[in-house]
Structure formats: C-alpha cells, structure tokens
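Engineer: Please see the structure below; I have some questions.
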Amino acid sequence: MKTIRRITVLLALALVFAASCYAQDSQGALDVIMNRTSIRKFTGEPVSKENLETILKAGMAAPTAMNVQPWRFVVVTDKDKIASVFAAGPRSGMFTQAGAVIVVCGQTTIKRRPFGQPDGPETEMPNIFWYEDCSAAAQNILLAAKALGLGAVWTAGYPAEERVKPIAEKLGIPEGIVPLCIIPIGVPAENPAPKDKWKPENVHWEQW
Ligand SMILES: Cc1cc2nc3c(=O)[nH]c(=O)nc-3n(C[C@H](O)[C@H](O)[C@H](O)COP(=O)(O)O)c2cc1C
C-alpha cells in the first residue's frame, strides 16, 4: 500500500514538473518573439559552429508550401571574406563586427508534374511560394539567434537587384538560386528596446 502511495506521489510530482516545464517553454517562445529587435551593432566576437547549426536548424524548421523546402543558406564566418563580400555599403559596420553572416537564398523553380496531370512529365516550373517559405525560415533564424542570446538583423536582398547581384557573384551562387536576405549575426553591442507594434486598428475581427 505504502509503495503504491509513493508511486502515485512520484507520478503526480513528475506531472506537475512536466506541466511547469511546458508552461515555461511556451512563455519562453513568446518572450523571444516579443523581445526580438533588429541588432546592428556587434562586439566582433565569433559565433560558434554549434550555435550556427542550431540557428540553421531553426530556419529549416519553418513551414513551407507543399513541403518543398526551397531554402538554401550560405554561411560566411571568415572575417576577411565578410568584409570583402558584405561591407561595401554605407552601414558596413554591422557586417564587419558580426560573427557570421547567413545569406538566406531560395530556389525559384521546382521540378514537378503540372497540376491536374499526375502522370504528366516532370517539368521545371516556377515555385511561386519560394520567397514566402524563405521569409519564414529567415524569421526563424532571427528568433533562434535571439533565443541563444545573439543579435541579428534582416537586411534586404531580393527583389533589390543591385543588392542581389554582387552578393550572388561574389559567393558563387548559381543561377536559379536567389539571395532573399542577408543576416549578420553576432554578440550584441547594443540593447535597443523592442518597438511596440501592437495596433488594434490593424485587426478586423470576424469581418473587415
Ligand atoms: C524585408 C525586410 C528588409 C529589411 N531590410 C533592412 C536593411 O536593408 N537594413 C536594415 O538595417 N534593416 C532592414 N530590415 C529590418 C527593419 O528595418 C526592421 O525589422 C524594422 O525597422 C523593425 O524593427 P525591429 O526588427 O527592431 O522590430 C529589413 C526588414 C525586412 C522585413
């Protein structure tokens, strides 16, 4: 009898512990989302390979239309290379002091059978969802960086041709793969307050 009571108490404790872990975790995710801000100043310290892989895994965990996963990533950690590829613009500091730069790219075409022709020939066709998928991956990357205590900022690539072309050339990105955004990541050297973007007037409940 005593043993059964002990087991019951232990099970109850385990349940309470699991529930509290779950509550903390879901609150943790919301904290990260609500407190993420663009970080443009970094200390210059490197970002570990382990952290970069975690960040990339988060990117690849994003939703993707028809599970196509059109994202491709170029990760640059070499300081000289970062300087020569990304630091040409007016805000070069955010690149030169970053520990790494992730270029989120998308494959713009997909090999598939035409809709409504399950037995038709596989053909290369545009993947109209590539940049939505890659945007979701990019946002996951920003959030994962924040969750790891790092900073990051989305800087524009596609559709700004003048930004896309030189980076694609310098990094040897093949045709059909387009840099959507360029994300410097590093140890933050600034701590800006998150912007309050909550505007109830942008929400239409039930009907516009
Ligand atoms: C599509 C897109 C393009 C952006 N391009 C740049 C950019 O080229 N340079 C930059 O410093 N920030 C860029 N940002 C970051 C925004 O400026 C930033 O997200 C916005 O001001 C809101 O601030 P927050 O990220 O701190 O909430 C971009 C963000 C998005 C989503």
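Engineer: Taking R0 as 30 Å, what FRET efficiency do you get between Phe115 and Ala61 from their Cβ-Cβ distance, rounded to the nearest 0.05?
Structural biologist: 0.65
Engineer: Kindly write out, for region 70-82 in residue order, the coupling ³J(HN,Hα) from the Karplus curve 6.51 cos²θ - 1.76 cosθ + 1.60 (θ = phi - 60°), rounded to whole Hz, with x marking Gly and Pro.
Structural biologist: Per-residue couplings from phi come out as x, 6, 9, 10, 10, 10, 10, 10, 6, 4, 5, 5, 4 Hz.
Engineer: Arrange Leu171, Leu180 by Cβ neighbour counts within 10 Å, fewest through most, would you?
Structural biologist: Least to most surrounded, the residues fall as Leu171, Leu180.
Engineer: So which aspartates and glutamates can Lys170 reach, going by Cα to Cα under 17 Å and dropping same-chain residues fewer than 8 places off?
Structural biologist: Straight-line reach from Lys170, under 17 Å: Asp78, Asp80, Glu161, Glu162.
Engineer: Okay, next question. Just to verify a number: FRET efficiency for Leu30 and Trp208, C-beta to C-beta distance, R0 = 30 Å, to 0.05?
Structural biologist: The pair Leu30/Trp208 has a calculated efficiency of 0.65.
Engineer: Using the Karplus equation 6.51 cos²θ - 1.76 cosθ + 1.60 (θ = phi - 60°), what ³J(HN,Hα) coupling, rounded to whole Hz, does each residue of region 107-115 give in order, writing x for Gly and Pro?
Structural biologist: Result, rounded to whole Hz: 7, 8, 10, 9, 8, 7, 7, x, 3.
Engineer: I've got another one for you. Amide H of Leu180 versus every other amide H placed in the peptide plane: which residues, excluding those fewer than 5 positions away on the same chain, fall under 5 Å?
Structural biologist: Long-range HN contacts for Leu180: Val104, Cys105, Gly106, Tyr158.
Engineer: Between Lys197 and Thr123, what is the label-point separation in nm under the 7 Å Cα-to-beta-carbon projection?
Structural biologist: 3.9 nm
Engineer: Hey, another quick one. I need the peptides 115-123, 196-204 ranked by packing, meaning the mean over residues of other C-beta atoms within 10 angstrom, with the highest value on top.
Structural biologist: Highest-to-lowest ranking by the protection proxy: 115-123, 196-204.
Engineer: Determine the gain in length on full extension of the stretch Glu132-Ser48; use 0.36 nm per residue of separation and subtract their C-alpha separation, reporting nm with one decimal.
Structural biologist: 27.4 nm
Engineer: With respect to the cross-link table entries Lys79/Lys195; Lys49/Lys79; Lys49/Lys195; Lys111/Lys146; Lys49/Lys81, which display a Cα-Cα separation exceeding 25 Å?
Structural biologist: Violating the 25 Å Cα-Cα cut-off are Lys79/Lys195; Lys49/Lys195; Lys111/Lys146.
Engineer: Here's something else I'd like to know. Arrange the following residues from fewest to most other Cβ atoms within 10 Å of their Cβ: Phe42, Phe95.
Structural biologist: Phe95, Phe42
Engineer: Arrange Leu56, Leu30 by Cβ neighbour counts within 10 Å, fewest through most, would you?
Structural biologist: In increasing order of surrounding Cβ atoms, one gets Leu30, Leu56.
Engineer: Still on this model: Whose amide H sits under 5 Å from the amide H of Thr43, counting only residues 5 or more places off or on another chain, with H placed in the peptide plane?
Structural biologist: Placed amide hydrogens put Val187, Ala189 under 5 Å from Thr43.
Engineer: How long are the semi-axes of the equivalent ellipsoid of the chain, taking √(5λ) for every eigenvalue λ of the Cα gyration tensor, in whole Å from largest down?
Structural biologist: Each semi-axis is the square root of five times an eigenvalue, giving 36, 27, 19 Å.
Where a number appears in this text, it was derived from the coordinates with a stated rule and is not lab data. On a predicted model such as this, the values are computed, not experimentally measured, just so you know. Note: ideal-geometry Cβ built from the backbone for every residue, glycine included; neighbour counts use all protein chains shown.
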